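Reviewing the structure listed below.
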Amino acid sequence: MPEYDTSRTSRRAVLLAAGSAGAALLGAACAGPGGTRGAAGQPSASASASAPRPTGGASSPSCVLTTEAGAGPYYLDLDRVRSDITEGRDGVPFRLDLTVVRVSAGCRPLRAAAVDVWQADASGTYSTGGAAFLRGTQVTDDAGRCVFRTIVPGWYAGLAPHIHFKVRPDTRTETTSQLFFPEDLLLEVYARRPYDRRAAPRHPNGRDSRYNASGAAMTLAPAPDGNGYRAAYTVGIA
């Protein structure tokens, strides 16, 4: 799968090109790569990295819309098209595989959609001003997929640790939400450097009303990956 690592590539140019050609809806289904959670937040069965495929022989498997959430105060439209967003920030490595599907089109993968992600670093700090660490954009491939290489986010402000994302299928519409982490994994990570420079909350997720409202549908299912973790998620948009 191609990865767009140059900050000179324009997300808007890609979207305009896709719009003029008509965004193709390719692939067969809504089940994301294995070790993943689908649009309803339910783990899938296998660990294959192949393109999405139907489950149970159904030609149009069911899926649901991703729970939307606000972008928060730290969103910046930097238009940095790249897969690795760490910019040298220290932390436990984390690979996030996203698959974007169009629910109204039988959960078919959506090609050429721009996906923005942004998050806090290990100390719970977001990049602001001229900084751009832990922010980036990818454009989905023919299977509706894109990959971000980042770190497990730190905690801050009484909120459940999360990764924000925004999907832009064209220049006129967008879907914004956030992904959470299992609390036991967070506590294990926060006992490691550099997270252990601060005493982590006993219950990083339980303090957040947003997590209590939508966490079941938006919590990742990370698996070990080298010295870090990886997870995948299927984002269902209207």
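The values are calculated or read from the model by the stated rules, or taken from the named source; none is laboratory data. What you see is a predicted model; the values in this text were computed from it and never measured. Counting neighbours? That spans all protein chains shown, and the Cβs are built from the backbone with ideal geometry, glycine included. The area values use the complete protein model at the heavy-atom level, side chains included, leaving out ligands, DNA and RNA. Shrake-Rupley method; radii C 1.70, N 1.55, O 1.52, S 1.80 Å.
Keeping every protein chain present and rolling a 1.4 Å probe, give me the accessible area per residue for the range 94-183 in Å². It would help to have the intermediate numbers written out before the result.
Values: 2240 Å² over 90 residues.
I get 25 Å² per residue for this part.
Show me the ranking of peptides 127-138, 94-105 by mean Cβ neighbours inside 10 Å, starting with the highest.
On the way: 127-138: 18.1, 94-105: 21.6.
Those peptides, ordered most packed to least, come out 94-105, 127-138.
In whole Å, what is the distance between the alpha-carbon centres of the range 79-126 and the range 185-217?
20 Å
To check my understanding: the extent here is largest minus smallest coordinate of the Cα atoms along each principal axis. What are those three numbers for the range 87-130, in Å, largest first?
41, 25, 16
Compactness ratio of the range 142-238: Cα Rg over 2.2 N^0.38 Å, N = residue count? Walk me through the intermediate numbers first.
Values: Rg = 14.6 Å, N = 97, 2.2 N^0.38 = 12.5 Å.
Scaled against compact globular proteins, the figure is 1.17.
First compute the accessible area of the range 122-220 with a 1.4 Å probe, then give the percent of it belonging to carbon and sulfur atoms.
On the way: 1940 of 3850 Å².
Looking at the range 122-220 in its full context, I get 50 percent from C and S.
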